[in-house]
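S.K.: One structure is given below, represented as C-alpha cells, and several questions about it will come after.
The values are calculated or read from the model by the stated rules, or taken from the named source; none is laboratory data. Since we're looking at a predicted model, the values are computed, not measured. Don't worry about glycine lacking a Cβ; one is built from the backbone with ideal geometry, like all the others, and counts go over all protein chains shown.
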Amino acid sequence: MGLFPPAPGGGEEIAHGYKGKGSLIHLLTDYNGNPLAITTTSAKGDERKEVIKLLDKVKFIKDKNELHERAMIILEADKGYDSGRIRQILLDHGIFPFIPWRKIGKSEDRPSREEVSLFFAVKSVRWKVERSFSWLKRKYRRLMIRWERLSRSWNALATLALIHFWQNILSR
C-alpha cells in the first residue's frame, strides 16, 4: 500500500502520477499494523516492483510448533500490486497473496475476493495498514509533504520515522 505525499519543491524521484506531483511511500506491516519495512518511489513508481524490495528487508520467523509450521504468511495488498508474476514469487516464498484482481482483462474463472476469503478463512485487515499510514502522518509530519530535493534525504527521513516508531514501542 502506498501513501502519497505531494512535493511542491520538486527534486529527485518526483513525478506526476495520477494523484499529482509527488512521491509514494510503500509500507509493509505486521498483523497489528506495526510497520516493518518502508520504501519510497516517485508517483509514477511501479508498486509491483516494491513488493520484493519490502519482503527482502524483513526476515520471517516461523514457530517450531507443528501447528504453526504448516501456517502460511498472508500478504494483503490493494489492486496496484496485482500481477501473476508477483503472485507466483510470493507463493514460491511460502506467502499467500491476498490481492484483489484488477478489472482489466478479468475472466470468469477468477474467484472474487470474498470467495477467496471464505474458502481460506481469511479476513481482510487492510484497514490496519491505512491506520499505520495515519500514525506515520500524525507522528512524523515531515512525511506529509516532501520538501527534500534529494531522494536519499527523503528515504532517510522515512527510515528514521520507522526506527523512531519501533523505539517508542520497544521502550514501553
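S.K.: If I ask for residues that are out of contact with any Ser or Thr (no Cβ under 6 Å at 6 or more places or on another chain) and touching a residue at least 60 places away in the same chain (Cβ under 8 Å), which ones from segment 17-36 would you list?
M.R.: Result: G22, L27, Y31, N32, N34.
S.K.: In segment 133-172, what residues are in a loop (DSSP other than H, G, I, E, B), modelled with pLDDT of 85 or more and among the hydrophobic types (A, V, I, L, M, F, W, C)? Walk me through how you get there before you give the answer.
M.R.: First, the residues of segment 133-172 that are in a loop (DSSP other than H, G, I, E, B): 140, 144-150, 171-172.
From what is left, the residues that are modelled with pLDDT of 85 or more are 171.
Residues satisfying the conditions do not exist here.
S.K.: Exactly one of these conditions fails for E76: (1) out of contact with any Phe, Trp or Tyr (no Cβ under 6 Å at 6 or more places or on another chain); (2) at pLDDT 80 or above; (3) closer than 24 Å to I52 by Cα. Give me its number.
M.R.: That leaves (1) as the condition not met.
S.K.: Let me ask you something else. Can you tell me which residues in segment 121-159 are within 17 Å of the chain's Cα centre (by Cα) and without any contact (Cβ under 8 Å) to a residue 12 or more places away in the chain?
M.R.: Hits for segment 121-159 are W127, S134.
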